[in-house]
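**Q** Just passing along the structure, written as C-alpha cells.
The values are calculated or read from the model by the stated rules, or taken from the named source; none is laboratory data. Keep in mind the model is a prediction, meaning the values are calculated, not measured. Note that we place each Cβ from the backbone using ideal geometry, even for glycine, and neighbour counts take in every protein chain shown. Note: areas computed on protein heavy atoms with side chains; ligands, DNA, RNA excluded. Shrake-Rupley method; radii C 1.70, N 1.55, O 1.52, S 1.80 Å.
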Amino acid sequence: MASGPSTYTPSNGLMRWLDARLPIVRFANDNLLTFPTPKNLNYSYTFGAILLYCLVIQIVTGIVLAMHFVPNAALAFNSVEYIMRDVNYGWLLRYIHMNGASFFFIAVYVHILRGLYYGSYKDPREVLWILGVIIFLLMMATGFLGYTLPWSQMSLWGANVITNLLGALLGTDFTQWLWGGFSVDNPTLQRFFSLHYLLPFVILGVSVLHIWALHHVGNSNPTGIDPKGPQDTVPLMPYYTAKYFFVITVFTIFFAFVVFYAPNLFGHVDHYVEGNPLKTPAHIAPEWYLGAFYAMLRAMDFNFLFIDSKLLGVLTMLGAIGILFIVPWLDTSKVRSANYRPVYWWCFWIFVADYAMLSWAGLQPAGVILLQTGVGADGAPTGFSITHLSQIGTAYYFAFFIIIMPLLGLFETPRALPESIAQAVLGKKRGGGAAAPAGAAAAPESRV
Amino acid sequence: MFSAAAAGVGVAVTAWPFIDQMNPSAATQALSTTEVDLTPITPGQQITVMWQGKPTWVRRRTPEEVAQIRAIPNSELKDPQPDQERVQKAEWLVVIGICTHLGCIPNRDNSGEQGGYLCACHGSVYDGSGRIMRGPAPLNLAVPPYAFLSDTLVRIG
C-alpha cells in the first residue's frame with residue numbers, strides 16, 4: 001500500500017512469526033511511521049488528519065446520544081430536551097455533536113479547496129479525488145438526516161422541502177416510498193434515524209479507500225512536481241505526525257470555544273420549536289454548509305426549454321455536486337499547482353468568494369431586495385434581489401468548471417516550475433526566490 | 001445466459017421485501033380516509049382537518065364569494081381551471097392546504113384577492129378556489145378525492 005518498498009524488519013522471533021502470518025505491524029510501520037511524505041507540505045495539507053479526527057468525534061458522540069434519543073415523532077423533540085437538561089453531560093455531548101457537524105464541514109471545505117488550488121486531483125490522483133467527492137456527498141446526506149432528528153420546526157419543514165424536491169425529479173410514488181406514508185411523519189423519522197446511524201460508518205469505509213489511494217500514489221505538494229528521491233521527502237513520523245497533533249490542538253481550541261461560549265452560533269431559533277405539520281415557519285433555512293447548494297436550487301426561477309423551474313432547480317443543485325466528479329478531466333492544464341498558474345490563481349480565489357457568497361445567499365429569504373430600483377404594481381419594492389445574486393453566483397460556479405478549467409490549460413502561460421522540491425524549499429531559504437530552471441515554459445503549454 | 005437470468009430474478013425477488021418495507025404500511029394505509037361532519041361550520045368559516053397527514057381545508061363559501069371567484073376569467077389564470085370543476089357543491093371548497101411550490105402551508109388572506117390565500121414562504125397567492133394567481137407556485141392547490149355521504153357528512157380519500 002505505501003509507496004516504495006517496505007523498510008520493516010521484525011525485531012525478534014515473535015514479530016517474525018506474526019509478520020509471516022498477518023503483517024499488521026509491517027503495515028502500520030510502512031503507513032504511519034516511515035511513509036515518505038514531501039518535505040514542503042504546508043498547513044493546508046493537515047486537514048485530512050483533522051477530518052479523520054472530526055469523524056471519530058461525530059461517531060463517538062453520536063453513539064452515546066443514540067442511547068438517549070427516541071426516534072419517534074411524538075417523543076423525539078422532548079428526548080432532545082431531556083438530553084439537554086437531565087442526561088449527565090448531555091448538553092455537552094449534544095453541543096459537541098451539533099457543532100462537530102459544522103466544524104467537520106469547515107475542515108472539508110478547506111480540504112477540497114486545497115485540492116482545487118494545488119491541482120491535487122490530477123493524474124495519478126483521479127480516483128483519490130472521486131472517492132473524496134463520494135465522502136463529501138455522504139457527509140451532506142448524513143448532515144441533512146441529522147438535522148431532521150430533533151423533529152423541530154426546522155427539522156420537519158427542512159425534511160418537507162428536500163423530500164418534495166426529490167419528488168419533483170422522481171414523482172409522488174417515490175416520495176411516498178421515502179416517507180413511508182403520505183407526508184413527512186413518524187415512519188420518515190424512524191428511517192432517517194436508522195440511516196443517520198449507518199452513513200458515518202459508510203463514510204469511514206470510503207475514507208479507508210481514500211487513504212489507501214493516497215498512500216498508493218503518495219501526497220501531492222505545493223509545487224505540484226513529484227518527489228524525485230529521498231532528498232525531497234521526510235518520513236511521516238515524527239515530522240508530519242507532530243504537525244498533525246499541533247493543528248488538531250489549534251482546531252480543538254476554536255471548536256471548544258464555540259461549544260462552550262457560542263453553542264448555537266450556527267443554529268436557528270426554529271430548531272428549538274417543536275415540529276408542527278400545520279404551521280410552516282416564515283423562513284426555512286438549511287444548515288450553513290448546504291447554503292450554496294440551496295441558493296443554486298432557488299436561483300432557478302425560470303423555465304428552460306421543456307424543463308420547468310422546479311425541476312431545473314433540482315438538476316442544477318445535483319449538477320453542482322455531480323460536476324466535481326469530472327474535475328480531473330475538465331482541467332486540461334498539465335501544471336498542478338496554482339502557485340505557477342497566474343490566471344487560474346485569480347479564477348480560483350474568485351471561485352472561493354463566489355462559493356462563500358452563495359452560502360450566505362442560501363440562508364437569506366429568497367425575495368429580499370438588495371438594491372431597490374423601483375416599486376411594483378402591487379406596491380412591493382422591485383430591483384436586484386437575492387435570487388439575482390444567486391443566479392450570478394450559480395453562473396460563475398458552473399463557468400469555473402465548464403469554461404475556465406478546460407480553456408485555461410490551452411491559453412494560460414504558466415510560471416517556471418522549480419526543478420525539484422528540495423530546490424524549491426532551499427531556494428526560498430536562501431532568499432533568492434524561485435531560481436529559473438533550464439527549459440522552463442515561457443509560452444502556453446504545448447499540446448501534443 | 002439462463003443462469004444469469006435466474007440469478008437476476010433471484011436477486012430482484014430477494015431485494016423486493018427490503019425495498020417495499022419502506023412503502024406506507026398497512027396501518028398507515030388504513031388511516032387513509034377522513035370523515036368530516038359539516039354541521040358546525042358556519043357560512044364563511046373554514047376548518048382544517050388532517051387527511052393522510054396533510055392539512056386539508058373544508059371551507060363553507062358564501063354566495064357572494066362564489067360569485068366573485070367565478071367572475072375571474074380563465075385567461076387570467078396560470079393553471080386555468082373553472083371553479084365549477086374544482087368543487088362538487090358551490091358552497092363547499094375542499095382542497096389540500098399545501099403550497100404547490102415547495103410544500104409550505106399558505107394562510108387565509110381575507111385582505112387579498114377574492115378572499116384567497118397567501119403563502120408566506122415565497123409569496124404565492126391563491127384565490128378562494130385555491131387557484132394560483134401570482135408567485136412561484138406552478139399549479140392550483142390540489143383537490144383530494146372526496147364524496148358527500150349525506151348533506152352534512154363528507155368522506156375525504
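**Q** Between A:PHE27 and B:ARG134, what FRET efficiency follows from the Cβ-Cβ distance if R0 is 41 Å, with the result rounded to 0.05?
**A** 0.05
**Q** Moving on to the next point. So how much accessible area does B:GLU76 have, in Å² to the nearest 10, using a 1.4 Å probe?
**A** My reading of the accessible area for B:GLU76 is about 120 Å².
**Q** Here's another thing I want to ask about it. What's the average, rounded to a whole number, of partner chain beta-carbon atoms within 10 Å of each residue's beta-carbon in A:275-282?
**A** Average neighbour count from other chains, rounded to a whole number: 4.
**Q** Keeping every protein chain present and rolling a 1.4 Å probe, give me the accessible area per residue for chain A in Å².
**A** 48 Å²
**Q** Suppose we keep just the alpha-carbon trace of segment B:9-61; what are its Rg and Dmax in angstrom?
**A** Rg and Dmax of segment B:9-61, Cα atoms, are 18.9, 60 Å.
**Q** Looking at segment B:7-27, which residues lose a minimum of 20 Å² of accessible area between their chain alone and all protein chains in place, measuring with a 1.4 Å probe and not counting ligands or nucleic acids?
**A** B:ILE19, B:MET22, B:ASN23, B:PRO24
**Q** Where is the GNM fluctuation largest for chain A (alpha-carbon springs, 10 angstrom cutoff): A:LEU14, A:LEU410, A:LEU32?
**A** Of the options given, A:LEU14 has the highest mean-square fluctuation.
**Q** Let me check against my output: what whole-number percent is the relative contact order of segment B:25-156, with C-alpha pairs under 8 Å and at least 6 apart?
**A** It comes to 23 percent, rounded to a whole number.
**Q** If you take the accessible area of A alone plus B alone and subtract the pair, what total do you get in square angstrom, rounded to 100, with a 1.4 Å probe?
**A** Using a 1.4 Å probe, the pair buries roughly 1900 Å².
**Q** Which one of A:THR163, A:TRP345, B:SER124 has its Cα pushed farthest toward the positive end of the charge dipole of the protein assembly as shown, where Lys and Arg give +1 and Asp and Glu give -1 at the Cβ?
**A** Result: A:TRP345, furthest along the dipole toward the positive end.
**Q** Under a 10 Å cutoff between Cα atoms, tell me which one of A:GLY367, A:GLY48, A:GLY115 has the largest fluctuation in the Gaussian network model of chain A.
**A** Ranking A:GLY367, A:GLY48, A:GLY115 by mean-square fluctuation puts A:GLY367 first.
**Q** Where the only charges are on Cβ atoms (+1 Lys, Arg; -1 Asp, Glu), what is the dipole of segment B:25-156 about its Cα centre, to the nearest 20 debye?
**A** 220 debye
**Q** Can you give the accessible area of A:LYS228 in Å² (nearest 10), computed on protein heavy atoms with a 1.4 Å probe?
**A** Spelled out: A:LYS228, probe radius 1.4 Å, area about 130 Å².
**Q** Could you work out what % of the accessible surface of the protein assembly as shown is carbon and sulfur, using a 1.4 angstrom probe and leaving DNA, RNA and ligands out of the count?
**A** So the carbon and sulfur contribution to the accessible surface is 68 percent.
**Q** Of A:ILE404, A:PHE257, A:GLY229, which is farthest on the positive side of the dipole of the protein assembly as shown, counting Cα position, with +1 on Lys and Arg Cβ, -1 on Asp and Glu Cβ, and the Cα centre as origin?
**A** A:GLY229
**Q** Note the full-extension length gain between A:VAL269 and A:ILE307 as 0.36 nm times their separation in residues minus their Cα-Cα distance, in nm to one decimal.
**A** Full-extension gain reported as 10.1 nm.
**Q** Let me ask you something else. Could you rank A:THR34, B:THR62 by how accessible they are, 1.4 Å probe, largest area first?
**A** A:THR34, B:THR62
**Q** Now a separate question. Note down the magnitude of the dipole of segment B:13-74 about its Cα centre, charges +1 on Lys and Arg C-beta and -1 on Asp and Glu C-beta and zero elsewhere, to the nearest 20 debye.
**A** Magnitude of the dipole: close to 200 debye.
**Q** Quick one: if you stick a label point 7 Å off each Cα along the C-beta vector at A:PHE260 and A:PHE245, how many nm between them?
**A** Simple spin-label model gives 2.2 nm for this pair.
**Q** With contacts defined as alpha carbon pairs under 8 Å and 6 or more residues apart, what's the relative contact order of segment A:1-144 in percent?
**A** 21 percent
**Q** Take every Cα pair under 8 Å in chain A that's 6+ residues apart, average their separations, divide by the length, and report that relative contact order as a whole percent.
**A** With pairs under 8 Å counted, the relative contact order is 20 percent.
**Q** May I pose another question? Considering the protein assembly as shown, which cysteines have no disulfide-compatible partner, defined as another cysteine with its Cβ under 4.7 Å away?
**A** Cysteines of the protein assembly as shown left without a disulfide-compatible partner: A:CYS54, A:CYS347.
**Q** Summing -39500 (n - 2.57) over the DSSP H runs of n ≥ 4 in the protein assembly as shown and dividing by its residue number, what mean residue ellipticity at 222 nm do you reach, to the nearest 500 deg cm²/dmol?
**A** Taking each H run of at least 4 residues, the total per residue is -15500 deg cm²/dmol.
**Q** Once segment B:34-88 is represented by equal point scatterers at the alpha-carbon sites, with solvent omitted, what log10 I(q)/I(0) does the Debye formula produce at q = 0.22, 0.26, 0.27, 0.28 Å⁻¹?
**A** Calculated log10 I(q)/I(0) at the listed q: -0.98, -1.08, -1.10, -1.12.
**Q** Suppose R0 equals 45 Å. What FRET efficiency, 1/(1 + (r/R0)^6) with r the Cβ-Cβ distance, do B:ASP79 and A:TRP346 give to the nearest 0.05?
**A** 0.45
**Q** Separate question: With charges set only on the Cβ (+1 for Lys and Arg, -1 for Asp and Glu), what does the dipole of the protein assembly as shown come to about its Cα centre, in debye to the nearest 20?
**A** Dipole magnitude for the protein assembly as shown comes out near 1860 debye.
**Q** While we're on this one: Calculate the all-directions average of the projected area of the protein assembly as shown's alpha-carbon convex hull, and give it in nm².
**A** Orientation-averaged projected area of the Cα hull: 38.3 nm².
**Q** Sticking with the crude label model, points 7 Å out along Cα→Cβ, report the distance from A:ASN12 to B:ALA7 in nm, one decimal please.
**A** So the two model labels end up 4.9 nm from each other.
**Q** Hey, rough spin-label estimate for B:LEU31 and A:LEU137, points 7 angstrom out along Cα→Cβ, what's it come to in nanometres?
**A** 3.5 nm
**Q** Taking all protein chains together and a probe of 1.4 Å, list B:MET1, A:MET357, A:MET154 from the most accessible to the least accessible.
**A** B:MET1, A:MET357, A:MET154
**Q** How big is D for segment B:25-156, in µm² s⁻¹ as a whole number, if Stokes-Einstein is applied with the Kirkwood radius of its Cα pairs at 20 °C and 1.002 mPa s?
**A** 142 µm²/s
**Q** Compute a Gaussian network model of chain A, connecting alpha carbons closer than 10 Å, and tell me which residue from A:ASN42, A:ASN164, A:ASN12 fluctuates the most.
**A** A:ASN12
**Q** So, for segment B:25-156, what is the accessible surface per residue at a probe of 1.4 Å, expressed in square angstrom?
**A** Accessible surface, normalised per residue, equals 44 Å².
**Q** Out of A:THR175, A:ALA361, A:PHE103, whose Cα points farthest toward the positive end of the dipole of chain A (charges: +1 Lys, Arg; -1 Asp, Glu; placed on Cβ)?
**A** Of A:THR175, A:ALA361, A:PHE103, it is A:PHE103.
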